[in-house]
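Trainee: I'd like to ask some things about the structure below.
The values are calculated or read from the model by the stated rules, or taken from the named source; none is laboratory data. Treat the numbers as computed from the prediction; the structure is a model and nothing was measured. We place every Cβ from the backbone using ideal geometry, glycine too, and count neighbours over all the protein chains shown. The protein model used for the area step is the full one, side chains on, heavy atoms only, and it has no ligands, DNA or RNA in it. Shrake-Rupley method; radii C 1.70, N 1.55, O 1.52, S 1.80 Å.
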Amino acid sequence: MWISYKSPIGIFDSGLGGLTVYREVRKILPHEDIIYFGDTLRVPYGNKSVSNIRIFAKQITEFLSSFKVKMIVVACNTVSANALEVVKKSTNAYVIGMIEPGVRAALNITSSKRIIVIGTRATINSHAYSKFIKRINPSIIVKEIACPLFVPLVEEGFINDKISIMVSEKYLGRFRNSKFDTLILGCTHYPLLKDSIKKVLPSIEIVDSSVSSAYMVKDILEKNNIINKSSKIGYSKFFVSDRPQNFIELSYRLAGVKICKINIKRF
Ligand code: DGL
């Protein structure tokens, strides 16, 4: 098998939302080398057509594969929902999307058997979440809601702000006294809005897929015996397709990720 435990892990997103996944992977797998790509030139993906999302996914997968990555983490729900098969076909590495880890965590939590999923338009229109949930447990009631204003709020840095609470109220306020007891953050940008969402729905359990997906990464590496055995702290290399300085600033301010060096990759 060509895959070596020493190879890096590739993580990608349309922008900085994937850093919420990067952060969790880094925390539990400190010895792994990681290559992160954020497509800051073409973000947001959530309002784009499925055919374009698939083209972007293939290009990025081929780019990450050029580093001989052992695993690709599709840290973007929009790509996971619409182009996971494209990613799998374009690489020999293990591939993890965001849908499965979030769904499994939510199914373990819900007792009312009612789950809300929020995501971008492209994720919600794909019904990837409801299909996956129903496949595991057809009796679950799923409500999928597109929240297209959330990504620009995060990208602009309005993460715990009056305006993000107002927008959360508009999208989710009607569920305050409902039987839905679990909400999946079906977009890697949304964990950064968790506090605002919690203010609107204080009693709902919020599933942050970035945490569950990081555990899935660890699990697959362990099961396939490709976890990095080095005792050195792994490196992180960051690539974006536009505005690197802005990415560095927002990464630190919003996700607490400190980036010293960044590279540009355009397709
Ligand atoms: N982070 C992406 C996701 O998880 C959404 C951002 C975008 O629309 O590009 O779906």
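Trainee: Tally up the residues in the range 1-24 that are part of a loop (DSSP other than H, G, I, E, B), near the ligand (Cβ under 10 Å from one of its atoms) and among the hydroxyl-bearing types (Ser, Thr, Tyr), please.
Mentor: Matching residues across the range 1-24 total 1.
Trainee: A further question on this structure: When you check Ile220 against the structure, is it touching a residue at least 40 places away in the same chain (Cβ under 8 Å) and either exposed (fewer than 15 other Cβ atoms within 10 Å of the Cβ) or touching a Cys at 6+ places or on another chain (Cβ under 6 Å) (or both), yes or no? First the steps, then the outcome.
Mentor: Details: touching a residue at least 40 places away in the same chain (Cβ under 8 Å): yes; either exposed (fewer than 15 other Cβ atoms within 10 Å of the Cβ) or touching a Cys at 6+ places or on another chain (Cβ under 6 Å) (or both): no.
It is false that Ile220 is touching a residue at least 40 places away in the same chain (Cβ under 8 Å) and either exposed (fewer than 15 other Cβ atoms within 10 Å of the Cβ) or touching a Cys at 6+ places or on another chain (Cβ under 6 Å) (or both).
Trainee: While we're on this one: Would you mind finding the one in Lys143, Lys162 that is basic (Lys, Arg), open to solvent by 10 Å² or more (accessible area, probe 1.4 Å), in contact (Cβ under 8 Å) with a residue 12 or more places away in the chain and more than 13 Å from the ligand (Cβ to nearest atom)? Reasoning before the result, please.
Mentor: Values: Lys162 fails: in contact (Cβ under 8 Å) with a residue 12 or more places away in the chain.
Being basic (Lys, Arg), open to solvent by 10 Å² or more (accessible area, probe 1.4 Å), in contact (Cβ under 8 Å) with a residue 12 or more places away in the chain and more than 13 Å from the ligand (Cβ to nearest atom) holds for just one of Lys143, Lys162, which is Lys143.
Trainee: Kindly list, by first and then second residue, each pair from a residue in the range 246-265 that is without any contact (Cβ under 8 Å) to a residue 40 or more places away in the chain to a residue that is part of a loop (DSSP other than H, G, I, E, B) and among the aliphatic types (A, V, I, L, M), limited to pairs with Cβ atoms under 9 Å and residues at least 6 apart or on different chains.
Mentor: Note: pairs meeting the criteria are Ile248/Ile259; Tyr252/Ile259.
Trainee: Among (1) open to solvent by less than 10 Å² (accessible area, probe 1.4 Å); (2) over 11 Å from the mean Cα position of the chain (by Cα), there is one condition Leu16 misses while meeting the rest; what is its number?
Mentor: Unmet condition: (2).
Trainee: In this structure, is Ser126 polar (S, T, N, Q), closer than 27 Å to Asp181 by Cα and modelled with pLDDT of 95 or more?
Mentor: Numbers: polar (S, T, N, Q): yes; closer than 27 Å to Asp181 by Cα: yes; modelled with pLDDT of 95 or more: yes.
Considered against the rule, which asks whether it is polar (S, T, N, Q), closer than 27 Å to Asp181 by Cα and modelled with pLDDT of 95 or more, Ser126 comes out as yes.
Trainee: Pull up the range 166-197, narrow it to residues that are within 16 Å of Pro152 (Cβ to Cβ) and among the aromatic types (Phe, Trp, Tyr), then point me to the one that is modelled with the lowest pLDDT.
Mentor: Step by step, filter the range 166-197, then rank; the result is Tyr190.
Trainee: To continue, here is another question. Does any residue in the range 89-115 that is at pLDDT below 95 come within less than 6 Å, Cβ to Cβ, of a residue that is in a helix (DSSP H, G or I) and open to solvent by 60 Å² or more (accessible area, probe 1.4 Å) six or more places away or on a different chain, and which pairs are these?
Mentor: Every condition considered, no pair remains.
Trainee: Inspect the range 222-241 for any residue being more than 23 Å from Phe158 (Cβ to Cβ) and assigned to a helix (DSSP H, G or I) and give the result as yes or no.
Mentor: The answer is yes, given that some residue of the range 222-241 is more than 23 Å from Phe158 (Cβ to Cβ) and assigned to a helix (DSSP H, G or I).
Trainee: Give me the pairs: first residue in the range 43-55 and within 13 Å of Phe12 (Cα to Cα) and open to solvent by 30 Å² or more (accessible area, probe 1.4 Å), second residue within 13 Å of the ligand (Cβ to nearest atom) and not polar (S, T, N, Q), beta-carbon distance under 9 Å, and six or more apart or on different chains, which are they?
Mentor: Cβ pairs passing all conditions: Val43/Asp13; Val43/Gly15; Val43/Leu16; Val43/Gly17; Val43/Val151; Val43/Glu155.
Trainee: Check whether at least one residue in the range 202-209 is surrounded by 13 or more Cβ atoms within 10 Å (Cβ to Cβ) and at pLDDT below 95, and report yes or no. Reasoning before the result, please.
Mentor: As a first pass, look at the range 202-209 and keep what is surrounded by 13 or more Cβ atoms within 10 Å (Cβ to Cβ): 204-209.
Now restrict to residues that are at pLDDT below 95: 208-209.
Yes; the residues of the range 202-209 include at least one that is surrounded by 13 or more Cβ atoms within 10 Å (Cβ to Cβ) and at pLDDT below 95.
Trainee: Check Lys134 against each of (1) more than 14 Å from the ligand (Cβ to nearest atom); (2) touching a strand residue (DSSP E or B) at 6+ places or on another chain (Cβ under 8 Å); (3) touching a residue at least 24 places away in the same chain (Cβ under 8 Å) and name the one condition it does not meet.
Mentor: In the conditions (1) more than 14 Å from the ligand (Cβ to nearest atom); (2) touching a strand residue (DSSP E or B) at 6+ places or on another chain (Cβ under 8 Å); (3) touching a residue at least 24 places away in the same chain (Cβ under 8 Å), Lys134 misses (3) alone.
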